[in-house]
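Have a look at the structure below, then the notes.
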Amino acid sequence: MLKFFELELFQQWFFEYTSRFTSIDPEYTRNIVLKTAHTKNVCKEIIDIASSLGLNQGEINLATAIALFHDIGRFEQYNRYQTFADHKSENHAALGINILKENLILENIDPEARDLIIYSVLHHNCAVLPLKAPEKELFYARMIRDADKLDIFRLVIDYYQNKEGTQNVALELGLPNNNEISDFVISDIKAGEIVKIQNVKTLNDFKLLQLSWIYDINYHWTFKCIKDRNYFEELFESIPKNDKTTEIYSLACSYLENKLSV
Ligand SMILES: [Fe+2]
């Protein structure tokens with residue numbers, strides 16, 4: 001599906017392209033480094049997911065290329081707008097595809113592989129996947145969505161535990177860090193749905209949105225990683241405890257347990 005030398009060329013280009021984003025501003029550098037590290041980790045996660053699904057090497061190479069390019073738009077997004085909030089700037093997935101096209105990166109590969117990369121990158125960050133799409137497109141899109149979420153869990157938990165000891169406005173999407181939790185956020189999770197971004201008003205809402213991602217996880221391997229790495233417990237530690245949050249936490253935990261038991 002994708003040859004190893006083609007993946008290597010993509011990796012070389014990714015390195016050269018991302019090295020162009022430099023600044024004397026430490027906040028800028030920190031966010032660029034954060035996104036390159038995230039990409040590296042998502043590549044590792046997707047290889048594990050793809051292997052757990054029994055894919056062959058060509059298919060694993062293709063999945064890795066999707067992971068490598070899924071956030072390629074983040075660099076230019078941060079460069080232009082100093083934010084990772086798509087609603088305050090532009091859709092980083094579409095921006096990424098434009099960058100790949102402008103740089104003629106996907107020109108010489110198998111057209112089917114090209115279409116799958118474009119589809120998966122474009123759909124890695126939409127609220128829900130389209131119901132009607134070819135099964136192969138959905139299959140790869142589901143893998144990148146799972147791999148991406150696995151590494152975002154790691155990244156935000158590290159941040160919420162304040163390992164670096166500093167605030168990062170870009171990671172918090174500029175949301176107020178108060179004790180408030182919006183009722184709509186609670187009702188979305190109670191309905192077994194991913195929290196709608198328009199209902200997110202505070203940093204706590206955003207943390208609960210991340211908890212609600214469990215309703216958008218696709219593969220058994222991913223559920224197992226979430227459980228084995230204690231992502232839920234650690235995420236919940238950073239959220240204020242009350243009857244409402246405890247209830248939705250246990251709802252999300254039961255959902256996870258259910259998925260693992262099938
Ligand atoms: Fe990502």
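The values are calculated or read from the model by the stated rules, or taken from the named source; none is laboratory data. What you are looking at is a predicted structure, and each value in this text was computed from that prediction instead of being measured. Methodologically, a virtual Cβ is constructed for each residue, glycine included, from the backbone with ideal geometry; neighbour enumeration extends over all protein chains shown.
Restricting attention to region 224-241, and to residues there that are free of Cβ contacts under 8 Å to residues at least 24 places away in the same chain and outside any helix (DSSP H, G or I), which single residue is farthest from the chain's Cα centre (by Cα)?
Among those that are free of Cβ contacts under 8 Å to residues at least 24 places away in the same chain and outside any helix (DSSP H, G or I), it is LYS241.
Can you run down the residue pairs with Cβ atoms below 8 Å, 6 or more apart or on separate chains, where the first is in region 184-206 and free of Cβ contacts under 8 Å to residues at least 24 places away in the same chain and the partner is among the basic types (Lys, Arg)?
As it stands, the answer is PHE184/LYS196, since those pairs meet every condition given.
Output the qualifying pairs, or none if there are none: Cβ atoms under 7 angstrom, residues six or more apart or on different chains, first residue in region 60-84 and part of a helix (DSSP H, G or I) and aliphatic (A, V, I, L, M), second residue modelled with pLDDT under 95 and more than 10 Å from the ligand (Cβ to nearest atom).
Final answer for the pair search is LEU62/MET1.
Identify all residues within region 12-33 that are under 20 Å from THR64 (Cβ atoms) and surrounded by 13 or more Cβ atoms within 10 Å (Cβ to Cβ); write none if there are none.
Residues satisfying the conditions are TRP13, PHE14, TYR17, THR18.
Between a residue in region 107-133 that is β-branched (Val, Ile, Thr) and any residue that is within 16 Å of the ligand (Cβ to nearest atom) and not in a helix (DSSP H, G or I), which pairs come within a Cβ distance under 7 Å, given they are 6 or more apart or on different chains?
VAL121/HIS70
Regarding region 175-198, can at least one residue be identified that is within 21 Å of ARG74 (Cβ to Cβ), modelled with pLDDT under 90, out of contact with any His (no Cβ under 9 Å at 6 or more places or on another chain) and surrounded by 13 or more Cβ atoms within 10 Å (Cβ to Cβ)?
There is at least one residue in region 175-198 that is within 21 Å of ARG74 (Cβ to Cβ), modelled with pLDDT under 90, out of contact with any His (no Cβ under 9 Å at 6 or more places or on another chain) and surrounded by 13 or more Cβ atoms within 10 Å (Cβ to Cβ).
Which one of these does ALA85 not meet: (1) closer than 19 Å to ASP151 by Cα; (2) surrounded by 19 or more Cβ atoms within 10 Å (Cβ to Cβ); (3) within 15 Å of the ligand (Cβ to nearest atom)?
(2)
Go through region 40-55 residue by residue and tally those that are outside any helix (DSSP H, G or I) and without any contact (Cβ under 8 Å) to a residue 12 or more places away in the chain.
So the count comes out to 2.
Restricting region 88-111 to residues that are farther than 26 Å from ILE24 by Cα and acidic (Asp, Glu), which is surrounded by the most Cβ atoms within 10 Å (Cβ to Cβ)?
Among them, the one singled out is ASP110.
If you scan region 216-259, which residues turn out to be surrounded by fewer than 12 Cβ atoms within 10 Å (Cβ to Cβ) and under 25 Å from TYR140 (Cα atoms)?
Correct list: ASP228, GLU257, ASN258.
One residue is enough: does region 61-80 have a residue meeting the conditions charged (D, E, K, R), within 11 Å of the ligand (Cβ to nearest atom), surrounded by 16 or more Cβ atoms within 10 Å (Cβ to Cβ) and at pLDDT 95 or above?
Yes, because at least one residue in region 61-80 is charged (D, E, K, R), within 11 Å of the ligand (Cβ to nearest atom), surrounded by 16 or more Cβ atoms within 10 Å (Cβ to Cβ) and at pLDDT 95 or above.
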